[in-house]
Structures are given as C-alpha cells and as structure tokens.
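Asks: Quick one: structure below, then a few questions.
The values are calculated or read from the model by the stated rules, or taken from the named source; none is laboratory data. None of the values given here were measured: they were computed from a predicted structure. Every residue, glycine among them, receives a Cβ derived from its backbone with ideal geometry; neighbour counts consider all protein chains shown. To get the accessible areas, we keep the full protein, side chains included, count just its heavy atoms, and leave off ligands, DNA and RNA. Shrake-Rupley method; radii C 1.70, N 1.55, O 1.52, S 1.80 Å.
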Amino acid sequence: MNHNVTRRSFLSFAAAGAAVVSLAACGGNSAAGGSAAKAAYAAPAKDLSAELSYAIWDAAQKPAMQKIVAEFNKQYPNIKVTIDVTPSKGSAYWTKIQTQASSNTLPDVFWMNGPHIKLYAQNNQLMPLDGLVSGKAVDTANYPKALVDLYTVNGAFYGVPKDFDTSALFYNKALFKEAGVSEPTSNWTWDDVKSAGAKLSKFYQGKGVYGYAGDLTGGQTSYYNTMIEAGGTVISTDGKKSGYDSAGSIAGLQFWRDLIASGVSPSMQQLTDTASSDMFTSRKLAMTMDGSWTVGPAQKALGDDLGIVSLPKGPKSNQSVIHGLANVIPANAKNPAAAQAFVAFLGTQDAAKIQAETGTVIPAFNGTQYAWVKSVPSVELSVFLELAKDASPYPASVNTAAWNELENTLLPQAFAGTKPVADVAKDLASQMNAALAKES
Amino acid sequence: MKAQTLTPASKSGRAAQAAGDRRRGKSKSDGWWPWLFVVPTVAGIGVFYLWPIVQTFYYSFTKWGVFGGTKFIGLDNYVRMFADSTIPQSIVNTLIYTVVVLLGIPIAVILASLIERPGLRFATLYRTLYFIPYITMPAAVGIVWRLIYNGDFGPINWFLGLFRIQGPYWTSTPGFALLAVATVGLWMSLGFNLIIISAGLREIPRELFEAAEMDGASRVRQFFSITVPLLTPSIFFVTIVTVISGFQLFDLLYVMMGKANLAMPQTQSLVYIFYNQAFLQNDKGYAAAIGILILVIIALLTAFQFRVQKRWVNYV
C-alpha cells in the first residue's frame, strides 16, 4: 500500500542528492531539489552540461520548438533537448504523462493545459516556479492575467504560459459567393448564422455541402462558447458545481441541436465520422466555429477563400472560451537547473516570436501576438485577440477529465435528438456534481 | 493485452507436449538442470503477468489515487460494479463481438483446406496475404477501416450507392457499429486461425484421403468425415484463443469509434469501460475490480470449453 510512497520519497531524496552533487560540481549557487523552487533562481553556468526531454503533443508545432531549442543552445551549447511528440488525440498524451508521473519518470519539461493543471499541482507533481519569478528570469506581467491565474494554484506559480487560443467564426468565401449569400460580419447574431446557414444548406442540397457546423466531440470550440453566450456556465467559478442545468446552458446546447434538426448542420453521426474541421478544409462546410490553432491548416487548404470574423452574438454576448498552454517542470526534476533555464527561455520574447512567425499558435508573451496576426495576411486574425480581451476562462476543476468523459457520453444523445436537450443537460449536471463531490 | 500472454504460453505448452511425445519411452530422469532452461520464461511470466494479476486483485479492494497512494475500502468497488448499469450492457456487447469473431473459424477451416490442396500454386503467397492483417498494428487497421466505413466518403457506401442503396453511418449508428467493429476483428483474426489450422491439416495422414477416394467418397464427404474431425484439436485451440482475445476487445473499438460517439453505449466492451475508468475518470481501484471481472469471465468460459471439449474434440 505505501511502497509507492516510500519509493517516491526515496527517489526524490536521491534526485535531490544527485542534484546537489551535480550543482556542486559545476559550481552552481542555487539550492537543490524542492527548495530550489523557493530560493530565487540564478541562471546556471553557460557550460552546464545536461540532457533534457521535452514532451509536447502537437506535431505541427515541433518545427517551431526545434527552432527555439536551437536558439536556446546558442546560450547553453551543452544542454541537449530532445523533443518528444505524443499526440493528444484520444488523450494518449495524458495517459502517458499520468503513467510517467506514477512511476517518477516524467519528462524534464512538458506541456500542461487547463484541464490538468490543478490535478498535477494539487498532487505535488510539479515544481513551483516562484523562484524563476523572484530571480527575475520570468516576469508574469508579460502574459495575459487569465493565463497566469490559470497556472497559479494555491498561491504558487507552476507554469510559464506558452500560448493561448480563442475561437471565432471561420467561413469559405467561395461557397458564399456561389450560393449568392452575403458574407458574415463581426456583428452577426445567432439568427443571422442560422438563416444564412439554412440558405447555404438548401442551395447545396444533394452535394454534401452544409451551411454551419462545429466540433461537437468536445466543447471548447463549440458548445462551451454558445453556453456562455446564452448566459450559462459550464462550471461554477470555484469549480465545485456544474452549470449544465441552468437555462442559459440549455439554450446554448439547444442551438446546436436546432442546427442539426433543421439540416443546416450535418448530423451527429456525420460529425463523428468526419471531423467538422476536415469538412471545412475540404470545402464541404461553408461556416464553422473553430479555434485559433486551426488557422494554419485552414489557410493552407482554402487559401484566399478563407474568411474569419468574430463569434456571432448570442442572447447575452459573443464571448469565447480562452485557453492556453504552459511549460512545467516535474517536482522531482532530475536536473532542475537545466530545466529551469530551458523553461525560462521558453518564456522569453524571442521564443514567443519564433512561435508567432510560424503562425501555429498565438504566443502568450504580450506584444508578440502582432507577429502572429501578420503571419496570415489574407485573414483578419486580430479578431482572436479582440475575443481574448473579455473571454471566459476555460472550465476546469481538479479532475476535469472525469466530467469531460460524461459530456462525451451524454451530449451526443442531445445533439442527435434521441433525448430532449433539457433532460440530458439535467442528467449531465447531476452526474457531474457527483463527480465534483468526489474531488474534495 | 492478455491474449499475447496466453498465446505463447499455450503454444509453448503444445510444443512441450509434442516434445514429450517424441521422447516417450525414455524413463530416465533428466535431473534438475532442465529447469534451468525454463527459468527465464517462468521468471518473465511470473514478474510480468502473474504478479500484476495478484496486484490487480489487491488494488480492486482499494481506492487508488491518480498518482498512486491507495486506501483499502473492502468490497466497495465490487458493490458499485454490480449496481453499474453499463456493465451488463457491455458484457452483452463483448459476447456479440466474440460470437461474430468466432464465425471466422469455419471460414478459416474452409480457406485452409482450399489453400492446402496439393499442387495449388502460390499457396505461400495466399498464406502471407491472409496473415498480414494479423501482424499489423490494430491501431493502423482501425484507422484504415474507419475511413472505409465512413458514411459520406467511404468506399463501402460509395459501392452501395452504385445500386442506389444509402448505406448507414457504420461506426456511429447504434446496432451497426458493433457489427462493423466485429467484422474487422474477424478479418484480422483470419490469418492466425488459418496458419494454425493449416498446420493441423498437414498432420492428417494422406493415406486416409487416398483410402476414402478408393472407397468412392466425394471431396465434400472427405472434408466432413476426415478433415473436420481430425482438425478438431486445432479448432479447439483456435476457439479458446479467439474467445480470450474477444473478451479483450479494446484497441479496434477505441480507434474506430473515436470519442463522443452516439453508438458507444451499445458498442463499448468491458475493457473499454476498464480503460475509461482507469485513465479517463482516474478511478483505478474501480478499474481493477472490472479487470478482475474480465479475468473471472474469461477463466470461466475457458474452463467451460475444456469441459465440453471431451464431447467433440478427437485426439487420434
């Protein structure tokens, strides 16, 4: 029963011991192991020799990460960083990270996201990075406050923000033109989208082209946004209570059901067989709600036919959910000095600029986002930054994955119309509340 | 996952039996040193298979935190399991899947006897072709079949469309999804079954067929009166392995269905629920209890088959 615990504490002790030895050997002046976090961080000697593994989940971002590593190696030529990509599709990345955490073999630096930060921080899996802040290696004022708050758990700062994303309305100009429907603007409402979508679906009937759809196999780029736009919530701000049974949330879910029922959107089955983003890039979808990280692939597929405007306004607002990743270090880091040096570099303006220029994601470092906006000149990418201003924080609790799974199990029935939306939402709320009650 | 454990084990069991047969008559004791040769295998099985089973059994009585740290909670996980309404449905799903995959055995017997006909050209090529799906990663197979089954753009529905038939969304419609996954499972298992049964076929003495031919027995009569009865040991072995791997259905399902699939409740297997609880809901203690349930069901089914085999398996 407690052999795990003994083994872990033994290992961390051993790791701390090893760190002391290695730091002493290279004349480092910061304390080792867990206490390194509290003491102000000082940059290690430039000839520090180490091997770091860096776990990420997006293969599309690997080239940018490699560029950043090359820049980092100009400062620390002897720190070898190996980038390890595990796809997040089907949650393979998190299954792997969790297994590695249980066996004390976490990568030296890895990507963290909103749904998982509390789980890892509260279970003492991560090294607090307050030392980086007090050592002036990282300035939290450089990043959007919502992201710094997301990665601050119980007063300790655990992750240096890497990027952020919001959702907007993507559309295909060519499909609108052919059907003779006027293009969307940033002032559109839900009704505008519905009526334009209906015209488009009718015009293209029999050709397999649809007016509007979103990715209903997850909430971030679809129903989370509409639920908030209708005045609902996914989870209460303290993360203790489900918001699915509120009238606003039900209206936000009903929006997607109505689109499917009226034939504006492909059916739930169609969206399971072919992802809405794939339908959009293969010109089978005139409009879709999607995240800022899909701009690159969409632009590659559609070229100048791609248009992007702000989210259509719902009954209450046109808010998007904001989410962002951070770079974290495990609590029992094998080489804390090298890992901290690398994470500090990942948080710099230079690293953010490299990310911005590749156009893959919006860098979190304030002021560098403009380079990202310029990365695809044919589209008005600034809408994503506008949406970020009053965006709603990404819904998360300690064990977010547990109720995400409930959403995936129950909501398809509501969208497909096999059960009334309100019934499913209430059922989901009560099951989610039971899952949340188990967290504490 | 455990299929791999049992397959080589049972195969080596067969090999050992065969070796024993050859040496029958020698009564001299070999001493202790032969044991030395089995130590690596026994140690491997002990450390990687038997010890985890013991551990899983223990963990099924605990509440297991996300990152380790367990608490003994007695029978709570089992009480919860018997009240869980998704479990009976998933047992039914798993049984349907297993039955469909078992249909692959008669197909493999027919194919094997066609391929093993004396003088058939390219026999090795056919065997290789049938065996390729078995050695391909289930994840890769699943991704390809997911595309083949695609409701709007898949070749199956395109083909049906030629006859003005509107095919269903195979992997996302309740009812069709399980059969779609099981058909792929059947197709994948064909190669393995074929190889085992081909080997069984070659052990049947040719003289029996020659004698039958002399007596004027037709090909069909020979097949049912000589081939099938003498193949029963191979068929029995293949049946055992198929049932075990059928109850371990996970990877195909996971890859072919994707998340948020409407058909999941009518399709998910026991191992899928195990995965869901262990790695998505972070409830590993409960998942361990489901693992034990799967172990018990497989053990019972296998024991039952060994009991019944006396009635239909002919050992010459």
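Asks: (1) modelled with pLDDT under 90; (2) under 17 Å from the mean Cα position of the chain (by Cα): which one isn't true of A:Tyr370, the others all being true?
Replies: For A:Tyr370, the failing item is (2).
Asks: What pairs can you find where one residue is in the range B:284-304 and more than 18 Å from B:Tyr58 (Cβ to Cβ) and of a type outside the set (A, V, I, L, M, F, W, C), the other is assigned to a helix (DSSP H, G or I) and open to solvent by 10 Å² or more (accessible area, probe 1.4 Å), and their Cβ atoms are less than 9 Å apart, with a gap of 6+ or different chains?
Replies: B:Thr302/B:Leu6; B:Thr302/B:Ile240; B:Thr302/B:Val243; B:Thr302/B:Ile244
Asks: Within the range A:86-141, track down each residue that is within 9 Å of chain B (Cβ to nearest Cβ) and of a type in the set (Phe, Trp, Tyr).
Replies: Once the filter is applied, which keeps residues that are within 9 Å of chain B (Cβ to nearest Cβ) and of a type in the set (Phe, Trp, Tyr), the range A:86-141 yields A:Trp94, A:Tyr120.
Asks: Scan the range A:339-350 and give yes if some residue there is away from chain B (no Cβ under 14 Å), of a type in the set (A, V, I, L, M) and in contact with a helix residue (DSSP H, G or I) (Cβ under 6 Å, 6 or more places away or on another chain), otherwise no.
Replies: yes
Asks: While we're on this one: Filter the range A:399-433 down to residues that are of a type in the set (Gly, Ala, Ser), open to solvent by less than 30 Å² (accessible area, probe 1.4 Å) and more than 9 Å from chain B (Cβ to nearest Cβ) and give me whichever is nearest to A:Lys89 (Cα to Cα).
Replies: A:Ala414
Asks: Keeping to the range B:138-152, report how many residues are without any contact (Cβ under 8 Å) to a residue 60 or more places away in the chain and assigned to a helix (DSSP H, G or I).
Replies: Residues flagged as without any contact (Cβ under 8 Å) to a residue 60 or more places away in the chain and assigned to a helix (DSSP H, G or I) within the range B:138-152 amount to 4.
Asks: Go through the range B:152-169 and give me each residue that's open to solvent by 50 Å² or more (accessible area, probe 1.4 Å) and either facing chain A (nearest Cβ under 10 Å) or not aliphatic (A, V, I, L, M) (or both).
Replies: B:Asp152, B:Phe153, B:Pro155, B:Trp158, B:Phe159, B:Phe163, B:Arg164, B:Gln166
Asks: Got at least one residue in the range A:338-352 being in a loop (DSSP other than H, G, I, E, B) and modelled with pLDDT under 90?
Replies: no
Asks: Mind checking whether some residue in the range B:67-77 is assigned to a helix (DSSP H, G or I), under 26 Å from the mean Cα position of the chain (by Cα) and more than 13 Å from chain A (Cβ to nearest Cβ)?
Replies: no
Asks: Residues in the range A:189-206: is at least one open to solvent by 50 Å² or more (accessible area, probe 1.4 Å), more than 33 Å from the chain's Cα centre (by Cα) and charged (D, E, K, R)?
Replies: Yes, the range A:189-206 contains a residue that is open to solvent by 50 Å² or more (accessible area, probe 1.4 Å), more than 33 Å from the chain's Cα centre (by Cα) and charged (D, E, K, R).
Asks: Select from the range A:277-300 the residues that are part of a helix (DSSP H, G or I) and free of Cβ contacts under 8 Å to residues at least 24 places away in the same chain and write down the one among them that is farthest from the other protein chains (Cβ to nearest Cβ).
Replies: So the first thing to find is which residues in the range A:277-300 are part of a helix (DSSP H, G or I), and the list is A:277-281, A:292-300.
Then keep just the ones that are free of Cβ contacts under 8 Å to residues at least 24 places away in the same chain; that gives A:278, A:281, A:300.
Working: A:Asp278: 10, A:Thr281: 13, A:Lys300: 20 Å.
My answer is A:Lys300.
Asks: Also, quick follow-up: Could you list, in sequence order, the residues of the range B:42-53 that are open to solvent by 80 Å² or more (accessible area, probe 1.4 Å) and away from every other protein chain (no Cβ under 14 Å)? Reasoning before the result, please.
Replies: Within the range B:42-53, the subset open to solvent by 80 Å² or more (accessible area, probe 1.4 Å) is B:42, B:47-51.
Once the filter is applied, which keeps residues that are open to solvent by 80 Å² or more (accessible area, probe 1.4 Å) and away from every other protein chain (no Cβ under 14 Å), the range B:42-53 yields B:Val42, B:Val47, B:Phe48, B:Tyr49, B:Leu50.
Asks: Do the conditions hold for B:Gln277, that is, is it at pLDDT below 95 and within 14 Å of chain A (Cβ to nearest Cβ)?
Replies: yes
Asks: Test of understanding: among A:Lys353, A:Lys389, which residue is charged (D, E, K, R) and under 23 Å from A:Thr221 (Cα atoms)?
Replies: From the options A:Lys353, A:Lys389, the qualifying one is A:Lys389.
Asks: Right, another one. Could you give every pair whose Cβ atoms fall below 7 Å, whose first residue belongs to the range A:201-228 and is away from chain B (no Cβ under 12 Å) and free of Cβ contacts under 8 Å to residues at least 60 places away in the same chain, and whose second residue is part of a loop (DSSP other than H, G, I, E, B) and open to solvent by less than 20 Å² (accessible area, probe 1.4 Å), counting only separations of at least 6 or pairs across chains?
Replies: A:Met227/A:Val234
Asks: Give me the pairs, please: first residue somewhere in the range A:122-140 and without any contact (Cβ under 8 Å) to a residue 40 or more places away in the chain, second residue anywhere and part of a helix (DSSP H, G or I) and of a type in the set (A, V, I, L, M, F, W, C), beta-carbon distance under 7 Å, and either six or more positions apart or on two chains.
Replies: A:Thr140/A:Val133; A:Thr140/A:Val148
Asks: State all residues of the range A:223-252 that are open to solvent by less than 10 Å² (accessible area, probe 1.4 Å) and either among the aromatic types (Phe, Trp, Tyr) or in a strand (DSSP E or B) (or both); if no residue qualifies, say none.
Replies: A:Tyr223, A:Tyr224, A:Ser242, A:Tyr244, listed by residue number.
Asks: Which condition breaks for B:Ala303 when tested against (1) open to solvent by less than 30 Å² (accessible area, probe 1.4 Å); (2) more than 9 Å from chain A (Cβ to nearest Cβ); (3) small (Gly, Ala, Ser)?
Replies: Looking at each condition in turn, B:Ala303 falls short on (1).
Asks: Just checking, how many residues over the range A:150-178 are farther than 30 Å from A:Ser134 by Cα and open to solvent by 20 Å² or more (accessible area, probe 1.4 Å)?
Replies: If we filter the range A:150-178 for residues that are farther than 30 Å from A:Ser134 by Cα, which is where we start, we get A:166-178.
Going one step further and asking which of them are open to solvent by 20 Å² or more (accessible area, probe 1.4 Å), we end up with A:173-174, A:177-178.
Summing the residues that are farther than 30 Å from A:Ser134 by Cα and open to solvent by 20 Å² or more (accessible area, probe 1.4 Å) in the range A:150-178 gives 4.
Asks: If you go through the range A:121-140 one residue at a time, do you hit one that is basic (Lys, Arg) and in a helix (DSSP H, G or I)?
Replies: No, the range A:121-140 contains no residue that is basic (Lys, Arg) and in a helix (DSSP H, G or I).
Asks: With (1) assigned to a helix (DSSP H, G or I); (2) among the β-branched types (Val, Ile, Thr); (3) more than 29 Å from A:Leu387 (Cβ to Cβ); (4) at pLDDT 90 or above as the list, and A:Ile117 as the residue in question, which single condition is left unmet?
Replies: Only one criterion in (1) assigned to a helix (DSSP H, G or I); (2) among the β-branched types (Val, Ile, Thr); (3) more than 29 Å from A:Leu387 (Cβ to Cβ); (4) at pLDDT 90 or above is unmet by A:Ile117, namely (3).
Asks: Restricting attention to the range B:249-271, which residues are more than 9 Å from chain A (Cβ to nearest Cβ) and surrounded by fewer than 21 Cβ atoms within 10 Å (Cβ to Cβ)?
Replies: The answer is B:Phe250, B:Asp251, B:Gln266.
Asks: Among the residues of the range A:234-276, count how many are more than 12 Å from every other protein chain (Cβ to nearest Cβ), acidic (Asp, Glu) and free of Cβ contacts under 8 Å to residues at least 24 places away in the same chain.
Replies: Counting residues in the range A:234-276 that are more than 12 Å from every other protein chain (Cβ to nearest Cβ), acidic (Asp, Glu) and free of Cβ contacts under 8 Å to residues at least 24 places away in the same chain gives 1.
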